[in-house]
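Working notes for the structure below.
The values are calculated or read from the model by the stated rules, or taken from the named source; none is laboratory data. What you are looking at is a predicted structure, and each value in this text was computed from that prediction instead of being measured. Here the Cβ positions follow ideal geometry from the backbone for every residue, glycine too, while neighbour counts run over all protein chains shown.
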Amino acid sequence: MTHSREAELEQNLAAVQSRISRAVETAGIDHRPELIVVTKYFPAADVERLYTLGVHHIGENKDQEAAAKAAETSHLDRLNWHFIGQLQSNKAKSVVRYAYAVHSVDRQKIARALAQGAEAALDRGDRAHPLHCLIQVDLRHPKPDDGRGGAAAGEIPSLAEIIAEAPALELAGLMAVAPPEAEPRPVFERLAALSEQLRADHPQAAAISAGMSQDLEDAVAHGATHLRIGRDVLGARPYPR
Ligand SMILES: *Cc1c(COP(=O)(O)O)cnc(C)c1O
């Protein structure tokens, strides 16, 4: 019997896919959410293995690590990189070269830097399509100043305007990370309500990026369209982040 990394990933992926199927069935929804496999800390070789298993959406949270893996896997056709981590505006120029989507737009400065960077990248031919942008919201209130990413709910409309008006950006929707120390359901419920408000002004911004390994069922029940799953596919990370 072999215990190859391929077999391990295949098995983990199948288990996650069946959890998603069950959650979709339980929730009685007709649109299966997109699975984004978060490969932070794991090598580009795992990205290739996942690609072979049919995964075309990969999530990363650090620019340096993501840029290196995107370069190593540039021969893979239609592999979409989702940037999901906190972003410094000086990294925007790098991220727009490889990212299909950024889920963590939480400040006007970042939105403007991405708008500029993506426009330049389109002009140079470094990218072919507008950059999908999701506004990351932090639903704890009062929002503690603990350095976690996320805009306050009240900041969504102004951020949405900036993104929607930028020719090289496409406003895709909202993203949130449920705080590990609290019950995720109220967070996902609030996110769904904010998404509805956003869609009143921006009907195309329908994405709801929510749900990680430990709470994907709750996220699906509350209308998540994108799930960001790391450890339940790749295994435990050497350090939690
Ligand atoms: C790491 C990470 C994930 C994946 O979390 P798991 O618990 O490994 O499934 C999802 N979203 C963000 C923003 C992350 O940083």
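Numerical summary
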{"read-out": "Number of the condition not met by HIS82 [criteria: (1) out of contact with any Gly (no Cβ under 7 Å at 6 or more places or on another chain); (2) at negative phi]", "value": "(1)"}
{"read-out": "Count of residues meeting criterion [out of contact with any strand residue (DSSP E or B) (no Cβ under 7 Å at 6 or more places or on another chain) and either under 15 Å from ARG140 (Cβ atoms) or within 13 Å of the ligand (Cβ to nearest atom) (or both)] in the range 163-189", "value": "13"}
{"read-out": "Tally, over the range 172-190, of residues that are more than 23 Å from ARG107 (Cα to Cα) and crowded, with 22+ Cβ neighbours inside 10 Å", "value": "1"}
{"read-out": "Where ASP63 falls short, out of the listed (1) within 16 Å of the ligand (Cβ to nearest atom); (2) over 14 Å from the mean Cα position of the chain (by Cα)", "value": "(2)"}
{"read-out": "Enumerated helices (runs of 4 or more DSSP H) restricted to the range 125-241, each holding at least 1 residues that are β-branched (Val, Ile, Thr), over 29 Å from ASP77 (Cα atoms) and modelled with pLDDT of 95 or more", "value": "156-165"}
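Rundown of residues vs (1) more than 17 Å from the chain's Cα centre (by Cα); (2) touching a residue at least 60 places away in the same chain (Cβ under 8 Å); (3) under 14 Å from ILE162 (Cα atoms); (4) away from the ligand (no atom under 16 Å from the Cβ), yes/no style:
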position: HIS82; (1), (2), (3), (4): no, yes, no, no
position: SER89; (1), (2), (3), (4): yes, no, no, yes
position: VAL102; (1), (2), (3), (4): no, no, no, no
position: ARG112; (1), (2), (3), (4): yes, no, yes, yes
position: ALA115; (1), (2), (3), (4): yes, no, yes, yes
